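Below is one structure, written out as structure tokens; the observations come after it.
What follows draws every value from the coordinates through simple rules; no lab data is involved. These numbers come from a predicted model, not from an experiment. Using ideal geometry, Cβ is built from the backbone for each residue, glycine included, and neighbour counts are taken over all protein chains shown.
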Amino acid sequence: MDCRAGSRHPLFDSVRAVRAFAALTGEIAYGVIDPDGSMEEESMPRDRGNELPRYDAPSRPLWAYPRLRPRRNRQAGWTRALVAEHRLGPEDFIWPLFVTDGENVAAPVPSMPGVCRWSVELLVERVREARDAGIPAVALFPYVDPALKTPDGEHALDPDNIICRAIRAVKEGVPEIGVVCDVALDPFTTHGQDGIVRGGRVLNDETIHVLCEQARVQVEAGCDVVAPSDMMDGRIGAVRDTLDAAGHEDASILAYSTKYASAFYGPFRDAVGSADALGAADKKTYQMDPANTEEALREIAADLSEGADMVMVKPGLPYLDVIHRVKERFGAPTVAYNVSGEYSMLKAAGERGWLDYDLALLESLMAFKRAGADAILTYAAMEACQLLAGE
Ligand code: PBG
């Protein structure tokens, strides 16, 4: 196309419009198309507001059509592949899976289409598929029989509880995959809170004591990475000391450091059966206020100094700014949790034909990489692997 031959974009209809546009966008240098269609290069100082720029001597523009055409790098799949700044692959994912009692159970979670609670032997099959797809780790979550729940959640410390049995079976059947487990009491408590409750308060230090034991019991069942998701203050250091004292200095800690009090956990609470227990209560006295970012950075700093090997930001998509700042500030392994509500929103819209689920999924997962996440917990991990493999 000859750009001098009058095929101008309407925006470029007058020099005046172009200058005003450049002034608004604060460009340092730009090209101007004169009303006669000829091209002139200009430069202008920054921050001149809406004032018309003065003419400077022509300079080498940074971004001047028609010599520079950003579309050249986008014109074919191969060019796009060459210049892509971020890549998504199976090794980016941690796949969260729900486990339940019984045999041959695949109980669909109604608010999470495509997600089931699996009995242990079927869980091991899913984990084997994940390993074969190249996924490095799974995160296991228990659905606990309501009859086993108590106000203080003691069943969390039973080495034969459903989560410990699942860990043992997975590590026996698929030893090369990493196993991550939550450390928190909510699947085990009758009130659905993550800690010990007295007089309507979730107690910090008493809860830590139990969490340390829960972490130790899970590591002794074979868990590779314990992930305290409870948001009690000081629990990372306490869990580290407990594990070290028990000779488990190689067990890793993934700290749910910036976990917000979010509405996006709803479907997960259905899946682990804590929604009914929690009722109308919330977790705002320990999970973070969505209004805060500086506080998120302080939480990360504290957890890293207490011994966290990896830190997490959760939820994911509504908090990409936090992921970005955490990665920039600390450079530590940063894990994003693309939580249940984010998963279900895309599924619901896809099912209604309101958007293309597959494309929207890969685009959202790439957003995590762009923000700076090193790994992504996502219920769609297997689907994403299949899509990325072109299946
Ligand atoms: C429990 C826990 C929650 C999630 C992970 N661990 C829910 C909560 O804090 O209520 C949410 C995960 C998701 O929504 O996918 N401590």
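Here are the numbers for this structure:
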| read-out | value |
| --- | --- |
| Above-threshold pairs, the threshold being 25 Å between Cα atoms, out of Lys284/Lys347; Lys284/Lys314; Lys259/Lys347; Lys327/Lys347 | Lys284/Lys347; Lys327/Lys347 |
| 5 Å-binned pair-distance histogram of segment 90-388 (Cα, whole percent) | 1, 6, 13, 17, 20, 19, 14, 7, 2, 0, 0 |
| Mean Cβ count within 10 Å, highest first, over the residues of peptides 341-350, 241-250, 215-224 | 215-224, 341-350, 241-250 |
| Over segment 158-213, equivalent-ellipsoid semi-axes from the Cα gyration tensor in Å | 28, 11, 9 |
| Translational D in µm²/s for segment 218-334 (Stokes-Einstein at 10 °C, 1.306 mPa s, Kirkwood Rh from C-alpha pairs) | 105 |
